[in-house]
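Reading through the structure tokens given below for one structure.
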Amino acid sequence: MCLLLLILTSLCLCLSEQSSAAPPTVEQVSSALDVAVMAAKNGLPRLSLEALQKSLGKGPPTVSTIPPDTKIVYQGARVNTSIPVPKLPLEAIRDRIPDTVFGLSAFWKQSAEAEDVYLALRDVVLPPGRRTEAFLYSLPMKVSRLQPNRMPPTESVAQTLVFWAQQADLVNDLHQHLEERNLKNSPEGILLVLLIALEVRDRAAIDEHSAHLLQLLKGGTNRRTAEMVAFVGMNFQREGHFPKVAAELLHQAGLTIAGLDLLEPEEDSPARAVLLAAARSRFALGQRSEAVELLKQYLTVKVEGKYSTSSPGLDSQKLEAVGRELYRRGMVSEAREVLGQVNADAFERRYRAQGLIGQGTSSATPRTVNPPATMPATLRPVEDVVSRQSVASEIWFCSLDTETHESKLLFTLPDFQNAASLAVSPDGSQIAFDATFPGEAMTSDSQIFIASLDGTTIRSMGRGTMPSWSPQGKRLVCSRYSPSKGVWIARAEGGDAQLLDESGWSAQWSPDGCMIAYTRLKEGRSDLVVYDIVEDEFFNVFDPERNPFQQIFGNFSWSPDSTQVAFKATMAPAGTNNAEFQIATVHVFGAARPFVAYQQQGYFTAAVEWTLSGRRIMCSPSLPSHGTERLHFLETDRLADPIYVQGQETDRRNTGASWLPDGKTLVYMSRPVKK
């Protein structure tokens, strides 16, 4: 500890000796990041924050004192071009800064005061001595090669700053701080202003700053700033209140990134995804001519391939995407103009055969209804529990610290005969679940309830089952029998719902917010379907020849990186006695066969939950050693025996676990054992 203090003191003295206006060198920032990580891991959050402030409080590094490693590797008599060229020091530190801040943020959540973190990050993003600049420190957008038209997520220190402003209840302070700075000529600063203005719903600021940002962007900008413009545009689009602003930001970002790719094509560039998102936003506003021009631009985008910047296969993919966008909207004449006669003839023959020409709207067009009236319910908070024996017949909601193996009773449900499908909200303050009252059918009569974690409030969202939160916590996806059977999306505060797919059931929202997975019954067999929200498309995870399962059950779980789904399934038809059931995982992109993590003869609870590390799956098998359902871990890389979760309630049926944001605390349901 003393050594750490000495190192930090030396670093601070070194940084303070700089000229008051001079930014630090790459080496100074790299050393400061090392110290920040070391301090956080040793339980010194203030020193960790101070290291960041000292090193980046004057802006990002602009020089390096160590020459780059330019060693050339030969293979025989030729240069081995298969080995990537090492990044220059300035390029490497540009990625290391946000990566380190994201990692440290997890430490700060456990040990730092939210206001201290907010103030430190504010000095990093908005250096005190550089009042006309802002530094977002974003990571590059990288699209999936399997889905190049899907808008990729990105992260920035600016986003982390907004998060900590919310945690410290200082969003308005940040908004005021931004307004007081002279950021009128800084695209990065205006982007941060827009993120905060969206958070506080300042329509005047949004209109003013978005218009000014668009003027600045027409003069050109760098790739990462353009990608952040696209990211902010998608934020506006998802919020739904400012569709015109979203369309304009996406439009300009798409043109900028595509222009940069014409000069220097970049592998995994998001240009195609951004242009397609921009075109769809223009279509949504009824601006068809603008959307068509964007689709034309989309076709000109250079794609970095393995050996060249173009290939027949890649060009075919682009034509397919444009044809689909135009023909499904009935825009036949525009499609013939953009695609050319030969391509248009081929598309029209195929699309007519599939009944898609002139369809006009996507199959995901929502229908809005109000939820039906429901019965009231009550909770019994833990402080009202006289003894555990007195509530032994009730359903319990418990938390379990998986590090200390301590289980705590949160509250009980005195009114219900059954409850399931527990899902903790992204901020960890609420729990959604489905439940039925005595005498009700377990599925068709289920209601979705949202309760506070402390057991003080509960409210009903109406009939439904298997709720799953969006990553922002503002919406839920669920399944309903009425007013129409299918998968629905509803606002978390209630009031309306939208039908997504009347043939779907048991949906789960992906952690990145871009996809919803659910099951669809076809010819007696369950298909696993994914609705890509960004692409506005549906696709089956399994090829018809590669789906080994007859039934895929609900309450499945997405992996933390939104690439895999874990689920319970069986190869036996419905109604088969004593069938073998399995817990399996499958990649949603690609045709890989599922990996079976566990199998057991006889029925057991369907709910599974991925750990936040992505290395294990939680499930509740009924094993002979316990005689009823208990929480167990499964390995995700090999078929092995379940690992009992220590600390859970004994002599009860424990199921339906969901993680709190800290990644180590479970919330689960505990029921009395059936007699």
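Since every read-out is calculated from the coordinates, none of them should be taken as a lab result. In this text the structure is predicted, and so the values were computed from the model without any measurement. Using ideal geometry, Cβ is built from the backbone for each residue, glycine included, and neighbour counts are taken over all protein chains shown.
Set the Cα radius of gyration of the chain against 2.2 N^0.38 Å, with N its number of residues, and you get 1.03. Partner lysines whose Cα lies under 27 Å from the Cα of residue 674, excluding those fewer than 8 positions away in the same chain, are identified as 408, 568.
Non-local amide H neighbours of residue 462 (under 5 Å, H modeled in plane, Pro and chain starts lacking H): which ones? Residues meeting the amide H criterion: 448. Here the simple spin-label model places points 7 Å from the Cα toward Cβ, and for residue 42 and residue 389 these points are separated by 5.2 nm. Along the chain, the longest continuous region that contains none of the GluC sites (Glu not before Pro) in a DSSP loop with at most 15 other C-beta atoms within 10 Å is 114-266.
Could you give the alpha-carbon Rg of the stretch 555-651 over 2.2 N^0.38 Å, rounded to two decimals?
Working: Rg = 13.4 Å, N = 97, 2.2 N^0.38 = 12.5 Å.
Against the compact-globule rule of thumb, the ratio is 1.07.
When the helices of the chain are scored as -39500 (n - 2.57) per DSSP H run of n ≥ 4 and the total is divided over every residue, the value at 222 nm lands at -11000 deg cm²/dmol. Of the cross-linked pairs 142/664; 41/109; 184/218; 296/318; 244/296; 41/142, those separated by over 19 Å at the C-alpha level are 142/664; 244/296; 41/142.
Loop-located trypsin sites (Lys or Arg not before Pro) in the stretch 585-635 (DSSP state other than H, G, I, E, B) with a sparse environment of at most 16 neighbouring Cβ atoms within 10 Å: 615.
Each residue, residue 456 and residue 503, gets one label point 7 Å from its Cα in the Cβ direction; the gap between the two is 4.7 nm. Other residues within the sphere of radius under 12 Å centred on the Cβ of residue 117, judged by their own Cβ, net out at -2 (K and R +1, D and E -1). Remark: the chain carries a charge dipole of roughly 1200 debye about the Cα centre, counting +1 on each Lys and Arg Cβ and -1 on each Asp and Glu Cβ.
When Rg and Dmax are taken over the Cα atoms of the stretch 114-310, they come to 16.9, 51 Å.
Taking the stretch 192-271, which trypsin sites (Lys or Arg not before Pro) meet the DSSP loop condition and have no more than 14 other C-beta atoms within 10 Å?
Numbers: sites: 201, 203, 218, 223, 224, 238, 244; in loops: 201, 218.
Filter output for the stretch 192-271: 201, 218.
Couplings 3J(HN,Hα) of the stretch 598-608, computed from phi: 6, 9, 8, 6, x, 5, 8, 4, 7, 4, 10 Hz, in residue order, whole Hz [Karplus 6.51 cos²θ - 1.76 cosθ + 1.60, θ = phi - 60°; x for Gly and Pro]. For the chain, the longest piece that avoids every one of the chymotrypsin sites (Phe, Trp or Tyr not before Pro) found in DSSP loops with at most 14 other C-beta atoms within 10 Å covers 1-306. With the charge dipole of the chain set up from +1 on Lys and Arg Cβ and -1 on Asp and Glu Cβ about the Cα centre, the Cα lying farthest toward the positive end among the listed residues 519, 317, 581 is that of 317.
If you plug the beta carbon distance of residue 472 and residue 345 into 1/(1 + (r/R0)^6) with R0 = 45 Å, you get a FRET efficiency near 0.50.
Counting Cα-Cα pairs of the stretch 218-302 in 5 Å increments starting at 0 gives whole-percent bin shares of 3, 18, 28, 25, 17, 7, 2, 0. 3J(HN,Hα) couplings calculated from phi for the stretch 381-395 with the Karplus curve 6.51 cos²θ - 1.76 cosθ + 1.60 (θ = phi - 60°) are, in sequence order, x, 4, 5, 9, 8, 5, 7, 5, 5, 5, 10, 4, 8, 9, 7 Hz; Gly and Pro show x. Fully extending the segment from residue 664 to residue 417 would add 86.0 nm, taking 0.36 nm per residue of separation and subtracting the current Cα-Cα distance.
What the phi angles of the stretch 616-629 give under the Karplus curve with 6.51, -1.76 and 1.60, with θ = phi - 60°, is a coupling list of 9, 10, 9, 8, 10, x, 9, 9, x, 5, 10, x, 7, 5 Hz, glycine and proline written as x. Divided by 2.2 N^0.38 Å, where N counts the residues, the Cα radius of gyration of the stretch 512-609 comes to 1.05. Between the C-alpha center of the stretch 523-544 and that of the stretch 439-489 there is a gap of 23 Å. When every Cα-Cα distance of the stretch 419-529 is counted in 10 angstrom steps from zero, the calculated P(r) takes the values 15, 48, 31, 6, 0 percent. So what's the net charge close to residue 97: Lys and Arg +1, Asp and Glu -1, counting the other residues with Cβ under 13 Å from its Cβ? Net local charge, residue 97 excluded: -2.
For residue 605, the residues whose modelled amide H falls within less than 5 Å of its own, excluding neighbours fewer than 5 places apart on the same chain, are 622.
Normalised by the number of residues in the chain, the mean separation of alpha-carbon contacts (under 8 Å, six or more apart) gives a relative contact order of 7 percent. Each of residue 651 and residue 571 was given a label point 7 Å from its Cα along the Cα-to-Cβ line. The distance between the two points is 4.1 nm.
A dipole drawn for the stretch 114-310 from +1 and -1 charges on Cβ atoms has a positive end, and of 197, 269, 287 the residue lying farthest that way is 287.
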